[in-house]
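The values are calculated or read from the model by the stated rules, or taken from the named source; none is laboratory data. On a predicted model such as this, the values are computed, not experimentally measured, just so you know. Reconstructed Cβ throughout: ideal geometry from the backbone, glycine too, with neighbour counts over all protein chains shown.
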Amino acid sequence: MVKFKNVMLLIMVVLLSFVAKAQETTSEIQGLISNADGPIPFVTVIATHQPTGTKYGTTTREDGRYNLPNLKIGGPYSIDVSFVGLKPEHRDGITLFWDKHLNRILNSQMM
């Protein structure tokens with residue numbers, strides 16, 4: 001009987017460890033890059049986690065939207081946006097929260 005209880009306890013501990021690892025501990029930045037003419041496709045978007053210097057990058061899709069998933073919570077982050085012919089943009093002081101999506105809409109200007 002004692003051996004059965006120990007085996008059941010071990011099984012429960014193993015199963016609970018998988019459940020604990022499955023919890024989401026990241027956040028996401030998503031947004032739209034546009035100008036007076038509308039959405040801008042293929043713009044480079046880089047988010048930098050300032051305390052560690054870790055960079056996360058993507059490009060906008062044809063509709064000007066972008067997603068940077070699986071970012072560390074907290075911050076601050078900075079966002080850099082660049083594209084040939086557009087004035088580069090830089091934003092600081094962005095803080096991400098657990099299980100939340102930050103929407104950033106940036107309006108780029110021609111150089």
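See the values below:
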{"read-out": "Scope the stretch 24-44; condition touching a Lys or Arg at 6+ places or on another chain (Cβ under 9 Å), of a type outside the set (Asp, Glu) and not in a loop (DSSP other than H, G, I, E, B); matching residues", "value": "Thr26, Ser27, Ile29, Gln30, Gly31, Leu32, Ile33, Pro39"}
{"read-out": "Selection count where residues are within 26 Å of Ala36 (Cα to Cα), in a strand (DSSP E or B) and at pLDDT below 90, scope the stretch 71-88", "value": "1"}
{"read-out": "Check on Thr52, over 13 Å from Gly31 (Cα atoms), polar (S, T, N, Q), at pLDDT 90 or above and assigned to a loop (DSSP other than H, G, I, E, B)", "value": "yes"}
